Structure formats: C-alpha cells, structure tokens
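Structure, as structure tokens:
Bear in mind that the values in this text are calculations on the coordinates, not laboratory data. In this text the structure is predicted, and so the values were computed from the model without any measurement. Because the Cβ atoms are built from the backbone with ideal geometry, glycine has one as well, and the counts that use them run over all protein chains shown.
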Amino acid sequence: MTDNAKVQITIDGVTYEVNAGSNLLQECLSLGLDLPYFCWHPCMGSVGACRQCAVKQYRNEEDSAGIMTMACMTPVQPGARISIEDPQAKAFRAGVIESLMISHPHDCPVCEEGGECHLQDMTLMSGHNYRRYDKKKVTHRNQYLGPLINHEMNRCITCYRCVRFYNEYAGGEDLSAQASHHFTYFGRHREGTLESEFSGNLVEVCPTGVFTDKVFSENYTRKWDLQTAPSVCAGCGVGCNIAPGERYGELRRVVNRYHDELNGYFICDRGRFGTGYVNDAERLKTPLDGAGNELDAAAAGQQLREIAGSAGGTIGSARGTIGIGSPRAGNEANFALRKLVGEENFHAGYSDAEHACMQLITEAAGDPRFHNPSIREIEQADAVLVLGEDVTNTAPRIALALRQSVRNKALELADGANIPRWQDAAVRELAQQERSPLCILSSGATRLDDVASDRVIDTPSALARNAFELAHQIDSDAPSAGGHTDALARIADQLLAASRPLIVAGASSGDVDLIRSAVNIAGALRKRRGNGVSAPVDLCLLTAEVNSMGLHLMTRPENSLGAALRKLSASEAANVIVLENDLYRRAPHAQVDAALAAAKASVALDLLPNRTTAKADLVLPVTAFSEQQTSYVNYEGRAQLAYQVHRSHSAARPAWQWTGDFEHFRQALLECADSIPAFAKLKDVLPDTSSLPGGIKVPRQSERYSGRTAMKANLNVHEPKQAQDPESALAFSMEGVPPRRDATILASTWAPQWNSNQSISKFQDEINGPLRQGHGGTLLLEKRTESGGFYPPPVNGDGAGLELLPAHQIFGSEELSSRSEAIRKRMTGAFVAVAPADAVKHGLKQGQGVRLSVAGDAGGVSVTALTCIRTQTSPGAVALHVSDCGIDFHGLGARVELTPAETPHGRGLGELIVSDLAREQGDV
Amino acid sequence: MSAMSGKVIASTALPSDYLSEEEIAEIEHERTLYPDTRAVGLEALKIVQKQRGWVSDESLLAVAEYLGLPVAELEGVATFFNLIYRRPVGKNVILYCNSVSCWIMGCDQVREKVSEELGIEFGETSEDGEFTLIPVPCLGDCDRAPVMMVGPDLHRNLDRQDLGELFSRYRNNQD
C-alpha cells in the first residue's frame, strides 16, 4: 500500500523530509531540485533505462567517496545522504547526455519541439554544450503515422517512453521498439495510422521531437509565441483540462493541462485534435435574418427581444416563447436563455432518451449509497463492471483510467513481493498477464476487450435483464430478472470480493434500463458491504457532453425536448429560441420540421451553420469555447471554469451576451449561482483575485512573446492598443505577473531551466499531487440523506426486427469536433454494425449499402448506411453510427428492419479501427 | 472493395493455410513448453526461418496471427535478434567472428580472403545466392581462433589457403 510516512534524508548537506517508499528522483523533483532525467515519467514510474539521473550516495557522515547510483531506481531510506552537486556525479551526467546526443541532429531551429524540449533543457542543465563526436551519425527512415502524428526518428534518444506509454499504459499494439543498440527504432511494423485513441500523447511523452503534432506543424508557432489560458475540453462529459494556444487569431493547438483528480498528464485524440472548427471559414460571423441577409448587432438584438416578447417589457416574463438549451454550451449561456424565456419555458437540448437517462443519473448522484468517482479514483478500482457503454468512444479518458485499474492486481502482487510500485519494469515482469477483473456487458466489441476478464455480449434488452439478474446474484433483495448464468455468478463473486468495486454506465446509449440496472448492482453491492458502515460504492454514470449535467441541473424534469417540440407543433407556444444546438441530431426529423414550421418565429444561436440555423428566422453568431469564458459541469457534477484564450474578430458574442442583460460574465455566473439551488457552489470556481499580487492580472502571453509590435503592421504601422479583458483575471498581454508557483490560473507551465511540459513538477505540491493553490473545480451535487431502493426489472418487450442502438466513434460522434479537418481525416461514413448471421439473413455484404427502416411500419423513416459486419456484434442487434451524414436516428425507433441498398457515396469504412471486422462472409 | 481498404487491426490478406502443417505442429509443441503465447513468438520465428530460410513480412504476419500477438511486438522480437533474418539470405549463412581473440589471430586477413572468394562484404549475399556473410561477436571457441560457422558447421583455425576448397564443398553440396 502507498506509504504516507515521512523520513529525513540529506541532499548536498541539507536535510529534507520526504516520502518513505518513494524513489530519490521523484523526491528530489518534489522538493523542487533540478535533477535531469529522461525515461522516468511521473505517471509511469522508473525503469532505469537512460542513466541520466545519477547521484552520489554516501553510507554515512564519514563516507566521502560515495557510490554512483541512479536516483530513479533508488528507494528512499531514512537518513540517506546523497549529493546532486558532487563533481563526479555531474561529470557522469554530462557523459551520459553526451552519449545520448551522439546521433541527435542539430535541427532544433526547424524542430517543432524546439523551445519546449525536455532534451534541450536537460542538455543545458547537464552542461553538455560542446559536441566532440565528429563521426557519422546513425540515421533512420521515418514512417507515415497517419494525419495526426509526425515521425522524425533521427531525433530519438531511446528513452523508451513512447512505447511505455503507448503499449503499456494505453494498450496500443501497433507501435514497438525494434532492432537494438544504435539502430533501435520506434515505429509501426509498417507505415500507417497509429491506431490508439491516445496517440497524441506521444507528442507530450516524447522528451524530444520524434513524435510531433502534425496538425499544429502545418501551421506552427513556438510555444512562447502562443497566447494561452486554462481551459476545459468540450469534447465529451469528462471535462479534461487543456491549454489551447492561439496565434494571429487562430486556435493553433491543444495540449494537456495537468489536473490531479481528472486527466492527470493525458488527454484523448478527440480533445487534442478536435478543435479545428474554431478556425473554420464557415463560422457564423454576423447576425442573419431568415433570408440570409446580414444584420447589425443592435438590430439583431432588438429582433431577439421582440421575438422573446419583451420589447420594452421586462425580460424574463416572455410567455409564449420556448427556449431550448444546449449540452455543449456553458452554464451562463443556458442560464441567460432560461432567464429570458422563464424557467417554465426552458427545455433540455438533448434527446428524450438521454433526458430520461439524465434524470436517473442525477437521482443516483444524490444517493448517499453511491459515489461518482473522479478519474484518479477510477484508477483505484480493483474490480470493474462496464454496462453497455463503449467508454473508449464516449468518454475516452475514462477508458484510459479503466485500463489502469486492471493493473491494481499487479500492484497488489508487487506489495506482497516487497517491490516498490514505482519499479515499473519489475512490477510488470512479476505480474505478467495477471489483472484485476474488468467485466464488460455490451452488444458488441469494445476497445477495452483486450484487458477484459469477462465479456457478455447480447442485445440491449437482454443485457439489461442480465444486469438486473446480476444485481440479484449479488444481493437477493434486488429483484431477479431470471436467466442465471455462470458468467454472471463469476462477475458477482468478483465484485463482492473487491475492496473497491466500480460500476460504469452512461447516457450515451439512451437506455434507461441499463442505468437502472447499474444502480441496482451498485445498491446490491453497497447492501452486502453493509449499508451505513461501508464507504459508498463507486458508481460512475457518464454524461454525454461537456455540459449535459449543467443543462440538466437547470431544466425542469418535465421540460424535455420532445415536450418543447409538441408545444410548438400544437401552437401552445409561439416562438422558439434554440441555443447552440442542431435539433436534427436530437429528435425525429419530422417532429423538428413540424415544430419549426409551426413556430411563428425561430431564433438559433450557434457558431457554425447547421440544419437548425438554416431554418431559423434569426441567426445569432456565438463564440467558440476558446473565445469566451464559461463554466461547465462534468459527469461527476464538478463545475470548472474555462477561461477565454483569445478574442473573436467577428460579430460573434458569448450567447449570454445576446440573450442576457448581464454587464459582465461574473454577474451572469453569480446570478446563476444565486437563483438555482443546485448551482449554489458555482461561485467557488471564480479565482480568488485577492491572491493576485497588487491586483495585477495574469498575462496570457509569455515574457518571450514576439512580434507584438509587428503583428498588425500590414494594416497599420502604429501598434494598436492591447485589448482589455474586463471579464477575467487574465490579460491579453505579456505584462502582468505570471503564476510562477501559484497555479490557480496556470495555462502554460514554465520555470527557469524547464521550458518543456515537464516543468509541471515545479507547480505541484508534490509529484502527482494537486497544483499549488490550484483549484480543480467545485463539486456541485449534494447527497440526500435518504437512500434510494431497487428498480424493478424491465418487462420483456420482444418485437419484430432488430434492436437498434447507437454506435459511437471517438472521431465523428461529437458534433463540433467532427467539423474539424484533422478529425474528418479519421472519420468513417455512416455504418451499421451487424452480426455475421444477421448479414447473411438479410443478404448484406461487407462495406456495401444497407437500408434501415422502422420495423413493422412500411411508411416510416428509412435511412441508408454502410454495412459493417462485425463478428462480435450481438445477433438480433444493430448499432448505427450516424457520422456526419444527417441521419434521422431518432426517427427510427427501437427496432429496425434491414434490406440491401445502393452503397452511399462519400467516406467508407477505411478509418475504422476495430478488432472484429469480418473479412468476408466466409467468416460467418 | 475500396471502402474496406483500411486499418483493420492485425488483419491481412494472407491465406489461412500460409503456415505449413509441419510448422504448425512444431509451434504447437513449443506452445506446450511456455506459460503464455507471448513467449512462443521467438521460437515460432525460428521454426519458420528453419523451413523458409528467412522471415518475410508475410511469415511475420502469419506467425503473429496464428499466435494472436500484435505484429508490431513480434517485429520488435524479430529485429532484436540478429540471427532472425528479416531479409532473404543465401543457402549458407556464414557467421564470421570478428571479436578480440579472432582479431588477434588474424581474422581480418582471413576475412579479406573470404570476401575475395565470394565477392561479398559483411551483410551481403553472393550473386549465386549460395552464401551470406554476417559478423558475430563470438562463437565460444577462442582457443581455436579464428573461427566461423557455415550453416550449422563450425570451422576452426581458419587459414586463407583452405577457403576456396571449403566453399566449393558447400557449393557442390546441392540437394
């Protein structure tokens, strides 16, 4: 177990208190000392490969000779005496880096890593500033690794961090260390796209420029020339912390921003590469009327107020106008619309199925029997059950955490064998294939199957019954659904035997029965562990989008999207204002058409044109996530503040400015906090401005930010006045006091001698600890005092046709990221995953067209997609991925029929990364 | 089918009977000797190499698929060991020791003669496809240096004079 005890050690004559059970390198870095390293990573432990962190260790006070030892491989011992500054140790480290650098090219000026390169930093720190090697360097051929990552093998110093992250940490299989000695090569077995959904982290894990961000590279800027601010990823409901960087009005790149309880050091490829839409030429730039004519902002604002029925009247009393909120807009935007139309007229902006799931999720979140775990807590689970959620495609960062949870068995074995947990290679060698249980109930293959201990594949309705039965197996008070199997008994035993079991489900499939069954299973576990005595059981219920939870918390339960569309169609409401939402993704197309046609006037606020803005009588352009300050609430109910990174140069405004009457962002946020009880703690996300020295703002630009006076010289030789930011504690400027150690408002980390992202250690309380004074958001949800009970199992609803469920893809399922060029290169066409037997039965051929139509309704909705025969798909179920093909998913209903159809044009299945694609029908 | 030309993990166009029955039998025997298939990878590569002389891309894929190992990982194994040949080699592979004892005993001069006889340098295969010359760091027979192996045979106390006859014996030993 992790040892929290402190011991004293002496480093260069100074005595420090450090963590017992740790290693010397980690403790030196925690103390803020400068000791060079390469292969060690805070989250991947020590392997002792690079020999760069050598220090002198002395037996006792009398010992003046000492021995050389690798700090990362040396456990902390009470009373240990070491020296970093010892001349021999320094010479040794200089020698090591000289050897590592022998074949390293002199290409820093044209290398994307330059200026934020750990190798540059360590080379300088070790004092190797003159090259003596004058022989031929070893060179390598680079590989094409897909549209996201560049490969430049000559820069490699063979620290092995890439394969340790990609293979061992993230479970990738298509990158390996090849050959040996001077010829060691890190690449794929042949050229091709890196398959892992976390490949982008190689850019940050590699200490030099072997793996770089190809998208950023095409439009490159040095780190110090990027304007950055702390932000939150809007790609899914997890809310990973990111640091976007801007130059010349364009969002150039996204890198990870450390959060000790959430994303740690890693984000997924949707988050890293999915923000290109911000720079899209199609962005809505001016207000438009229904005919597409441009309006000026004042006229547009006036029109909005007239439509809201409040011209000259009081805003907020607008009866007759429906507001539809957005799970991809922040709390302030949703709150402003709610205030404008009135709470009773404010409706949810996601599908009715998701709405029902969100009711259950918030219900469970308030239940004292359960705890909704952070990512760090998910990693501590020693038995996991995933119910129907394809986590790698719906909440990728959580999937990465689940992959770590199966290593708890290895850590337990290591504890038993007296091997420190940070001895990475030794722990892996000891554990071999031993893993903690991870059980997956799904309707098809998932990208966690390779580490799953048990998999149950069935149709959605059968899965739900299985899951209800599993709860009954755990505790007989939970109602039985029948159908006991050995697999369920085994899973029940594993969950009961665990010290920290975890149940994962989510709203992405829109299946309320699965969420109810997850609640029953967690409730049964809690009961068996002793209600009231044991800690709450970890129940992770995932929300689909960045602010699904925030939107839900301010929407009345009965105010579903369907209800809004019905009111409009029945003319119970005259007008509609749609906030950042394409309703055609959320509801049956016929219902949306009818509602919009019946509405007297419709207003759409959005950042890119879509089918909803096309039908609106008034379109108002809004800012993208990086152009505004806003708060989001993630799956845990954690509210986080995302700062504005850069300004929009069009007439786009934050939505709350269009719909609200707030003077400042702060006022919108505070009013939201004051008027909705669930948001009472939202004000805690605002930074403590009293911590800013002299009230001086924090600069978004680095001290080395270049070219400011010349940036606009093509327009006017006079340098324009720097833009002011009255909305936040940050300035659009180099002037101010950077957060040197105070990480409250930390975007891009930098410390003297540490230009790379490794400088994060200078801002942590200790390695892997919280940021100094930093704040990781505010948990909004309170627990009730009374526990909930068990849900009854669903009634068996057999019917004709095949059960339809959505298939999510990391690249393509999220609306905005799928409009980014980089992501589009990785997207597939719309496809239907179907079992081989069902393909034969319906005469379908791999990769060819298929028509889905509502079962038993010849005149109903029908859509076409590509047939994707997958050997692991449950017979009787089909999973439809809509991609960006405008498919009427919600119009199809729960059961569909399949018939062969002409193959749709456009994208194929080429970018699909799955393990179970049937090669031909012979696989059946 | 262009829609399907894609990155499907570890899927190839290999015929399912790529590995011979004999190879499969030997691999299956090795499988019984190790606790997990990962460890069988190297042995399987040796088996395929024994049958086919070297490990082609197709062979590598076939072994990876057969054992259910990631092909990139198996490539790491195949390229780590210098006696797994990832390029075609001659009928007879000459492992020529050039480490200290052999060097003291004049292996460089003998090697020049080898190159002259065969028309190849280290890493090359003779035009007739008979010989490939590869350096090795030691063959464990230092007291009879210089030494080399030709195929499975160890040749000791090498002498420039004997090489011509030695190589022609291998050349004539056609099966």
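Quick notes on this one:
- Positive-pole candidate from B:Ala78, B:Met148, B:Gly106, dipole of chain B, charges at beta carbon: B:Gly106
- For segment A:532-671, alpha-carbon Rg and Dmax in angstrom: 17.5, 59
- Under Karplus coefficients 6.51, -1.76 and 1.60, residue-wise ³J(HN,Hα) of segment A:573-582 in Hz, glycine/proline x: 10, 8, 10, 9, 10, 9, 9, 5, 7, 9
- Trypsin sites (Lys or Arg not before Pro) restricted to DSSP loop in segment A:1-103 with at most 15 other C-beta within 10 Å: A:Arg59
- Ascending count of other beta-carbon atoms within 10 Å, so fewest first, for A:Glu17, A:Glu246, B:Glu65: A:Glu17, B:Glu65, A:Glu246
- Backbone phi angles across segment A:893-905, fed through the Karplus curve with coefficients 6.51, -1.76 and 1.60 (θ = phi - 60°), yield HN-Hα couplings of x, 7, 10, 10, 10, 10, 9, x, 9, 5, 6, x, 6 Hz in residue order; Gly and Pro are listed as x.
- Relative contact order %, segment A:1-142, counting alpha carbon pairs below 8 Å whose residues are six or more apart: 23
- Kirkwood's formula applied to the C-alpha pairs of segment A:410-527 gives a hydrodynamic radius of 15.6 angstrom.
- Normalised by residue count, segment A:600-674 yields a Cα convex hull volume of 135 Å³ per residue.
- Distance between segment A:1-37 and segment A:399-444 - C-alpha centres, whole angstrom: 26
- Centroid-to-centroid, using Cα positions, segment A:565-634 and segment A:130-162 are 50 Å apart.
- Acute angle (nearest 10 degrees) that the helix A:396-405 long axis makes with the longest principal axis of chain A, alpha-carbon atoms: 50
- Every helix of 4 or more DSSP H residues in chain B counts as -39500 (n - 2.57), and over all residues that averages to -13000 deg cm²/dmol at 222 nm.
- Relative frequency of Cα-Cα separations exceeding 15 Å in segment B:92-172, percent: 49
- Shown here: segment A:6-100, whose C-alpha atoms stretch 33, 31, 19 Å along the first, second and third principal axes, sorted largest to smallest.
- Note, ³J(HN,Hα) from phi for segment A:284-289, Karplus 6.51, -1.76, 1.60, rounded to Hz, x at Gly and Pro: 5, 10, 9, x, 10, 8
- For chain A, the mean residue ellipticity at 222 nm estimated from helices alone is -6500 deg cm²/dmol, where every DSSP H run of n ≥ 4 contributes -39500 (n - 2.57) and the total is divided by all residues, rounded to the nearest 500.
- Note that the protein assembly as shown shows a convex hull volume over its alpha carbon atoms of 205 Å³ per residue.
- According to the calculation over all Cα-Cα pairs in chain B, the P(r) per 5 Å bin from zero is 1, 8, 15, 16, 15, 12, 12, 10, 6, 3, 1, 1, 0 %.
- The C-alpha atoms of chain B define a longest principal axis, and helix B:57-67 lies at about 60 degrees to it.
- Short-range pairs are left out: with C-alpha atoms under 8 Å and at least six residues apart, the relative contact order of segment A:355-543 is 29 percent.
- Kirkwood analysis of the Cα pair distances in segment A:728-781 returns a hydrodynamic radius of 12.3 Å.
- Loop-located trypsin sites (Lys or Arg not before Pro) in segment B:122-163 (DSSP state other than H, G, I, E, B) with a sparse environment of at most 13 neighbouring Cβ atoms within 10 Å: B:Arg156.
- Cβ-defined net charge surrounding A:Asn219, 12 Å radius [Lys, Arg +1; Asp, Glu -1]: -2
- A dipole drawn for the protein assembly as shown from +1 and -1 charges on Cβ atoms has a positive end, and of A:Ser22, A:Thr123, A:Ile419 the residue lying farthest that way is A:Thr123.
- Under 5 Å between amide hydrogens, built in the peptide plane, is the criterion, and for A:Arg653 it picks out A:Val622, A:Thr623 among residues at least 5 positions away or on other chains.
- Degrees separating the helix A:352-365 axis from the principal Cα axis of chain A, which is the longest one: 50
- The charge dipole of chain B, taken about its Cα centre with unit charges on the Cβ atoms of Lys, Arg (+1), Asp and Glu (-1) only, comes to about 300 debye.
- Counting, for every residue in B:67-74, the Cβ atoms of other protein chains within 10 Å of its Cβ and taking the mean gives 5.
- Span from the segment A:723-776 Cα centroid across to the segment A:237-314 one, whole angstrom: 24
- Mean separation of Cα contacts under 8 Å (6+ apart) over length of chain B, as relative contact order %: 17
- Net +/- balance of residues flanking A:Leu262 in space, Cβ distance below 9 Å, scoring K and R +1, D and E -1: 0
- Neighbourhood net charge (11 Å Cβ-Cβ; Lys/Arg +1, Asp/Glu -1) for B:Arg111: -3
- Residues whose amide H lies under 5 Å from that of A:Ala54, counting only those 5 or more places away or on a different chain, are A:Ala71; hydrogens are built 1.01 Å from N in the peptide plane.
- Taking amide H atoms as placed 1.01 Å from N in the peptide plane, the amide H of A:Arg253 lies under 5 Å from those of A:Gly245, each 5 or more residues away in sequence or on another chain.
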